[in-house]
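Everything on this sheet refers to the single structure shown next.
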Amino acid sequence: MKSFLALAGLVTLLATAGCGADAGSPSPAPNTNPAGDASVNAPDGGADAEASTACSSNDAPDADGEDENCDGADGMVGIDVYVDPSAGSDTNLGSPATPLRSLKAAILLAGSRGGRVLLGKGQLTIDVLDAPGSYEVHGGYSSTFVGPRKRESSVLAPTTPLGLALSGATEVTLVSLSIIGPNADEKVMTAHALRTSVDHLRLVDVEVRSGNAAPGVVLGAPAANGESGINATGSAGSPLTCNGSAQPSYSTGAALGKMNAAGALPGSCTAKTPAASGAGGQAGTHGAHATKEPVLEGGLVGWTPGGTAPDNAGPGLGGAGGANCAALGNYGGGAGSGGCPGGPGAGATSGGGSVAVVVLAGNLTLAGSLLRTGFGGNGGNGSPGGEGGLGGRGFQPGCGTGVPCDKIPAECTPSTDPYQLNCAGWGGNGGPGGKGGHGGAGAGGWSIGVVTAGAASVEHDASTSFELGAPGNGGDGATTRAPDGEKHETWAL
């Protein structure tokens with residue numbers, strides 16, 4: 001007689017996050033006391049001790065693929081529907097000798113017969129399975145549908161990182177097959193293998209494997225550097241426009257520290273005080289890093305991006321004007337204007353995750369299965385802000401009837417100087433613009449066996465194992481890093 005691993009009697013309900021086992025950890029021993037719906041049969045990995053030599057009237061799929069009813073194949077030929085991903089055709093009858101090719105056509109035909117679907121050796125490309133009702137798919141067979149079954153023999157292979165979308169049904173049981181998703185890409189950064197919204201999904205002796213995630217990237221172009229201030233060319237400074245706002249212009253005595261000022265006059269001749277340069281502009285604030293935990297958007301698992309820095313760097317201040325030194329017969333030079341601020345740095349996207357199963361609705365039950373994930377993606381580095389523009393240069397004193405211009409230094413001379421020259425007549429330089437803020441970095445992507453959304457749930461037995469890939473690292477910001485990724489067997493959103 002055949003032995004079966006009954007589905008149900010599963011011991012562990014994981015509805016909240018837990019730390020996943022390291023990849024390569026030994027799997028717990030199989031459940032030896034299954035209970036529940038005995039009509040759902042699964043491979044037990046061994047032959048019966050007491051094999052029957054007589055033909056049976058019934059032949060349910062079993063781990064050894066025995067033909068108990070002597071009809072030439074495991075299962076009930078004429079009732080069950082057989083699928084060969086390589087050599088089948090949907091115009092065939094669905095027998096072992098004339099199998100179908102597509103899974104949905106086989107499910108619909110099996111539903112009309114009251115049978116199951118038996119899946120042979122090969123890879124079946126499939127992105128959506130939306131067959132209605134209740135059905136069972138038993139895989140792992142050879143092309144003859146006789147002999148021991150291996151879950152790696154029958155592979156359901158979605159073509160995009162969206163994974164296989166399973167919907168439309170009330171009760172679905174998949175036995176002894178593999179679902180293997182591809183790596184993520186720049187459009188879908190998280191690698192999903194299976195996303196389900198059926199009411200009750202049972203995976204028995206099934207491997208679900210998600211690919212590697214994509215890394216985060218900068219969201220925008222490099223930040224622009226600020227425009228340099230305008231050099232003075234006479235006795236008054238010149239205005240400059242920063243970010244669409246023109247600097248005010250002053251004909252006399254522009255005060256030191258005036259924002260965006262084009263300074264003009266004065267310095268101090270008697271005190272031999274130089275005209276002061278304008279102060280540098282205030283640096284911009286940095287963008288916020290991405291948040292650590294995943295989010296669910298459009299049925300896909302992802303992470304928020306790092307924020308672009310605020311556009312709040314300040315312009316440099318205009319320099320002070322030079323002094324009119326009557327005793328020397330010279331008049332003061334104009335001051336340079338302040339430089340414009342640098343632009344804000346762009347934020348970066350977070351790394352994608354690697355998620356074997358997303359349960360969007362309903363319940364998932366796992367028995368004797370393996371959930372394997374790839375690597376989480378590294379978060380992107382935030383972009384640095386632009387450099388502030390240099391301040392404009394102050395102008396030399398004007399030449400009147402006194403000391404020649406080429407004898408007036410830009411630095412003050414000592415009191416023993418026979419000319420009593422000083423730098424007071426030179427206009428001050430404008431201050432540099434502030435550096436733009438650094439963009440926020442993206443978080444590292446996670447590696448998760450099962451993600452449940454809302455009221456959806458998952459439970460598994462002790463013989464189900466998780467092999468989780470390494471999570472991604474957080475990206476770099478101005479002085480700190482965004483959060484690193486994590487790995488979990490299950491995570492509820």
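Just so you know, all these numbers are worked out from the coordinates, no wet-lab data involved. Note that the coordinates shown come from a computational prediction; the quantities given were computed from them, not determined experimentally. Cβ placement follows ideal geometry from the backbone for every residue including glycine, while neighbour counts extend to all protein chains displayed.
Remarks
- Ascending count of other beta-carbon atoms within 10 Å, so fewest first, for Ile448, Ile107: Ile107, Ile448
- FRET E, pair Gln123, Ala470, Förster distance 22 Å, beta-carbon r, rounded to 0.05: 0.25
- Loop-located GluC sites (Glu not before Pro) in the stretch 83-188 (DSSP state other than H, G, I, E, B) with a sparse environment of at most 16 neighbouring Cβ atoms within 10 Å: Glu186.
- FRET efficiency, Ser57 to Arg481 (Cβ-Cβ, R0 45 Å, nearest 0.05): 0.10
- Under the simplified labelling scheme, the Ala97-Ala221 pair shows an inter-label distance of 7.0 nm, with each label point 7 Å from Cα along Cα→Cβ.
- Extension gain (nm, one decimal) between Thr273 and Ala453, 0.36 nm per residue minus Cα-Cα: 57.7 nm
- For the pair Asp130 and Ser86, a Förster radius of 25 Å applied to the C-beta separation gives a FRET efficiency near 0.60, rounded to the nearest 0.05.
- Charge tally around Gly436: other residues with Cβ under 12 Å, Lys/Arg +1 each, Asp/Glu -1 each, net -1.
- Counting neighbouring Cβ atoms within 10 Å and putting the fewest first, the residues Asp185, Asp84 line up as Asp185, Asp84.
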